[in-house]
Amino acid sequence: MFKFNRLSTVAFACALILSGCAASKEAGEGEKTVVVYQPSHQTDTGVEFNEAQVCNGIVEGAIAASTSVVKVFKVWSHDAEGLHHARGGSNTKIEHTAAIDSLGRLSGYAFELREAAKLNPHVFISVHNNGATNKHACWGFVHEGDQFEKENRELAKELVDEICRSTGLVNAGVFGDSWPNRNDYRCAVTGKLSFYSLDENINRAPYRVLLEIGDNKVSYDFLRNLQNQEKIGEVVQRVIERRFGSTIQ
């Protein structure tokens, strides 16, 4: 295993991805809001369960439900070549996210955030499935300590509320991204354990929410049902369009 320094790897990722201008809470005048979905690329979670496939189904359901009042895109490393951890790894571990491996390759997560940065999104929604919770539930996560945390908590709450109301999933609430308290990726500003995909130093979208939808064991049949995936995606897109569908005149 190669060695790396946390600050140097985070700095590299920031230099690679960082937008030249500061994030703004408002979309540009007369422009449609750009929304980027990041489905999980993980195929190494659960037993006989493909999280990447399930989450991609949810995101494809959202994209299919788009009425074009916002611009919708997807970033996904699952089918990309020349990366490390393109189909696995933790969003909270340096080795799987910010680190460059011994072959000089980007991680799947870094690739996805680089592709997202090219689109200059206003809204970024990451979709995952939880595990080992023993709860048929939905959780929302936001990054702690940045200037849009309050707004992100409001968006996350609305998304979780609507998903649970429409599907019967238990509403597990909204949490900061240090709450899982695992692995070693930390925000360079707060020093707290964080989700790489939500870190404002990596992801310049002002609105950033990560959804954990269902449990890969308790919700196994529910999550693998294609109609449920499509329905969840439709619900998410409906919330996004309701909140961000009007252009700034």
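The values are calculated or read from the model by the stated rules, or taken from the named source; none is laboratory data. Remember, predicted model here, so these are calculated numbers, not experimental data. Backbone-built Cβ (ideal geometry, glycine too); neighbour counts: all protein chains shown.
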Does ASP184 satisfy the condition of being more than 12 Å from VAL142 (Cβ to Cβ), of a type in the set (Asp, Glu), in contact (Cβ under 8 Å) with a residue 40 or more places away in the chain and out of contact with any Gly (no Cβ under 6 Å at 6 or more places or on another chain)? yes
What number of residues within segment 157-188 satisfy the criterion of being within 18 Å of GLU234 (Cβ to Cβ) and either touching a Leu at 6+ places or on another chain (Cβ under 9 Å) or not small (Gly, Ala, Ser) (or both)? 10
Report, by residue number, each residue of segment 202-218 that is of a type outside the set (A, V, I, L, M, F, W, C) and either modelled with pLDDT under 95 or buried (at least 20 other Cβ atoms within 10 Å of the Cβ) (or both). ASN203, ARG204, PRO206, TYR207, ARG208, GLU212, GLY214, ASP215, ASN216
With the condition kept exactly as written, say whether any residue in segment 136-143 is over 20 Å from ILE232 (Cα atoms) and either crowded, with 22+ Cβ neighbours inside 10 Å or among the aromatic types (Phe, Trp, Tyr) (or both). yes
Identify the single condition in (1) within 27 Å of VAL218 (Cα to Cα); (2) of a type in the set (D, E, K, R); (3) surrounded by fewer than 18 Cβ atoms within 10 Å (Cβ to Cβ) that ASP184 does not satisfy, given that it satisfies every other one. (1)
Kindly indicate the residue of segment 219-237 that is out of contact with any helix residue (DSSP H, G or I) (no Cβ under 7 Å at 6 or more places or on another chain) and in contact (Cβ under 8 Å) with a residue 60 or more places away in the chain and also surrounded by the most Cβ atoms within 10 Å (Cβ to Cβ) among those meeting that condition. SER219
Restricting attention to segment 220-238, which residues are farther than 10 Å from THR167 by Cβ, out of contact with any Gly (no Cβ under 6 Å at 6 or more places or on another chain) and among the polar types (S, T, N, Q)? ASN225, GLN227, GLN237
Single unsatisfied condition, ARG208 versus (1) within 30 Å of GLU48 (Cβ to Cβ); (2) in a strand (DSSP E or B); (3) touching a His at 6+ places or on another chain (Cβ under 7 Å); (4) not small (Gly, Ala, Ser): (1)
Which ones in segment 98-120 are in contact with a Phe, Trp or Tyr (Cβ under 9 Å, 6 or more places away or on another chain), farther than 13 Å from LEU83 by Cα and either surrounded by fewer than 18 Cβ atoms within 10 Å (Cβ to Cβ) or among the small types (Gly, Ala, Ser) (or both)? ALA116, LEU119
Taking segment 147-181 and keeping residues out of contact with any Cys (no Cβ under 6 Å at 6 or more places or on another chain), in a helix (DSSP H, G or I) and without any contact (Cβ under 8 Å) to a residue 60 or more places away in the chain leaves GLU149, LYS150, ASN152, ARG153, GLU154, ALA156, LYS157, ASP161, ARG165
Hey, ASP184 more than 24 Å from LEU113 (Cβ to Cβ) and not basic (Lys, Arg) or not: no
Of all the residues that make up segment 146-173, how many are buried (at least 22 other Cβ atoms within 10 Å of the Cβ) and among the β-branched types (Val, Ile, Thr)? 2
Among the numbered conditions (1) within 23 Å of PHE49 (Cβ to Cβ); (2) assigned to a strand (DSSP E or B), tell me where VAL235 comes up short. (2)
Kindly indicate the residue of segment 57-95 that is polar (S, T, N, Q) and surrounded by fewer than 22 Cβ atoms within 10 Å (Cβ to Cβ) and also nearest to GLU234 (Cα to Cα) among those meeting that condition. SER66
